[in-house]
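In what follows, a single structure is set out as structure tokens and then discussed.
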């Protein structure tokens, strides 16, 4: 085990970027392609929802914000990974690591809450279709999105404000591709009880309650679908649920495995690579999942492509 020294650390070493040049070049190319795909796919959704009157509905309003958080998640992590893969070593300053922790944590929290809001939106569309537009009006949409961003901001902000009170005297090695809160706090030679309590009272309950809420809403949705005749409107609304459920399963599945399973032995390495699922793959595939299964987005995309060619 690494021995702690008494000097305050100024740099943190992220493991996983060492290796032969050809391996690092392949890693760089893969990361670059994934990042460009993430930026391109999510930006297309944001632009389409902003430009097309056809997509000015609550579902696409929330989807637009989800795409913004996907861009934030990738942008807070991938640029550094690209640089480190070229350098051959992952050395990040203490302040940059703290900044990455904040923006990454905020984006993850906001995405968690937006997925919850979207499940409530699907519940209203299927279980209360006659009152859907009167309930989910612009005021409520704005309130739900604002709430998601504020709560998503507050939890990592509290942690970021508490971290400077800790002493970090080594070791300065994190076995991750990016700065992760749990691994980062393990570097502290101070008592982390206060921050651990903040995580216990804010981050973990927020994620757990959001997940439970999503499950409950889908229980009601499935009861409505299988317990009564399906109208065209309900069928159309339910078709969007499969996309949402796919994203929820990928997102929460990786989070639960990464943060709920005790980290011991080989699990450290497994969690290290599983963390790439919600930092790289989920933001990349979210726009693909919603686009492939959504006729309105495909129609709007084709319309603007044809108009730009003509």
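The values are calculated or read from the model by the stated rules, or taken from the named source; none is laboratory data. None of the values given here were measured: they were computed from a predicted structure. All Cβ positions, glycine included, derive from the backbone under ideal geometry; neighbour counts span all protein chains shown.
Quick notes on this structure:
- Qualifying residue in the range 43-57 (condition: under 14 Å from the mean Cα position of the chain (by Cα) and assigned to a helix (DSSP H, G or I)): no
- When residue 80 is tested against (1) free of Cβ contacts under 8 Å to residues at least 12 places away in the same chain; (2) in contact with a strand residue (DSSP E or B) (Cβ under 9 Å, 6 or more places away or on another chain), only condition (1) is not met.
- Positions within the range 27-43 being surrounded by fewer than 17 Cβ atoms within 10 Å (Cβ to Cβ) and under 17 Å from residue 63 (Cα atoms), in sequence order: 40, 43
- Highlighted here are the helices (runs of 4 or more DSSP H) found entirely within the range 113-202 that include at least 3 residues which are within 19 Å of the chain's Cα centre (by Cα) and farther than 21 Å from residue 99 by Cα: 138-162.
- Scanning the range 14-26 for residues that are crowded, with 17+ Cβ neighbours inside 10 Å and either on the phi > 0 side of the Ramachandran plot or touching a strand residue (DSSP E or B) at 6+ places or on another chain (Cβ under 6 Å) (or both) yields 14, 16, 17.
- Selection status of residue 209, assigned to a helix (DSSP H, G or I), within 21 Å of the chain's Cα centre (by Cα) and in contact (Cβ under 8 Å) with a residue 40 or more places away in the chain: no
- Restricting the first member to the range 123-141 and to residues that are under 15 Å from residue 220 (Cα atoms), and the second to residues that are modelled with pLDDT of 90 or more and not in a helix (DSSP H, G or I), the beta-carbon pairs closer than 6 Å and six or more apart or on different chains are 124/136.
- Residue 23 being over 25 Å from the mean Cα position of the chain (by Cα) and in a helix (DSSP H, G or I): yes
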